[in-house]
Amino acid sequence: MDKKAIEERNLACKAKILAIKDTTDLLSGKWKVFILGSLLVMGKMRFMELLNSIDGIGRKMLAKELDDLQVNGLITRTALKTKPITVEYELTERGKSFKGLMDEIILWGENYRRSLYK
């Protein structure tokens, strides 16, 4: 392989690594994938519905992760004019674009689990 081809391959590799880094940064932490998965399956959810749908997550952690997801444009937060105030969370179009990746994660996990019990 000549020098130019090697440089082009290295640039392409760096671009892919950068894309992986962006994705893992957005989804970092233990809970973001579970939150996105819950919203993908259930649609709009209130805070307590999310809290009850994800085993092991605490209120503070859920609030922090929801804030991160909102800042990154993956979810929206809507405060309804009820008494007491009700807050709903929903995926944005960017958040909904996570569905294909989530489907692949589920498929990989199901296949992996099956392979353990053969």
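The values are calculated or read from the model by the stated rules, or taken from the named source; none is laboratory data. Given the structure is predicted, the values throughout are model-derived calculations rather than measurements. Don't worry about glycine lacking a Cβ; one is built from the backbone with ideal geometry, like all the others, and counts go over all protein chains shown. The area values use the complete protein model at the heavy-atom level, side chains included, leaving out ligands, DNA and RNA. Shrake-Rupley method; radii C 1.70, N 1.55, O 1.52, S 1.80 Å.
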note = For F98, the accessible surface traced by a 1.4 Å probe with all protein chains present amounts, in square angstrom to the nearest 10, to 20
task = Report the charge-dipole magnitude of region 7-118 in Debye, nearest 20, computed about the Cα centre from +1 at each Lys and Arg Cβ and -1 at each Asp and Glu Cβ.
result = 280
query = Ignoring ligands and nucleic acids, what accessible area does D2 show with a 1.4 Å probe (Å², nearest 10)?
reply = 90
ask   = Cβ under 15 Å from G37's Cβ, G37 left aside: what net charge do those residues give with Lys, Arg +1 and Asp, Glu -1?
value = -2
query = Spin-label point model (7 Å from Cα, Cβ direction): what's the D2 to W108 distance in nm?
reply = 3.7
request  = With r as the distance between the Cβ atoms of Y117 and Q70 and R0 = 30 Å, compute the FRET efficiency 1/(1 + (r/R0)^6) and round to 0.05.
outcome  = 0.15
note = Total charge of the residues flanking R9 in space, meaning their Cβ is under 14 Å from its Cβ, with Lys and Arg +1 and Asp and Glu -1, is +1
ask   = Could you sort R114, R46 by accessible area so the largest value comes first, with the probe set to 1.4 Å?
value = R114, R46
ask   = Residues of region 31-117: accessible area per residue at 1.4 Å, in Å²?
value = 68
key: E93 accessible area, assembled protein chains, probe 1.4 Å, Å²   = 140
query = Pick the calculated semi-axes √(5λ) of the Cα gyration tensor in Å for this structure from (1) 38, 16, 12; (2) 34, 20, 12; (3) 31, 25, 17?
reply = (2)
query = In deg cm²/dmol, rounded to 500, what helix-only [θ] at 222 nm does the chain give when every DSSP H run of at least 4 residues adds -39500 (n - 2.57) and the total is split over its residues?
reply = -20500 deg cm²/dmol
ask   = Can you list residues whose amide H is under 5 Å from R46's amide H, if they're 5+ apart or on another chain and H is modeled 1.01 Å from N?
value = Y89
message = If you roll a 1.4 angstrom probe over the protein chains with everything in place, what fraction of the accessible area of region 31-117 belongs to carbon and sulfur, to the nearest %?
response = 57
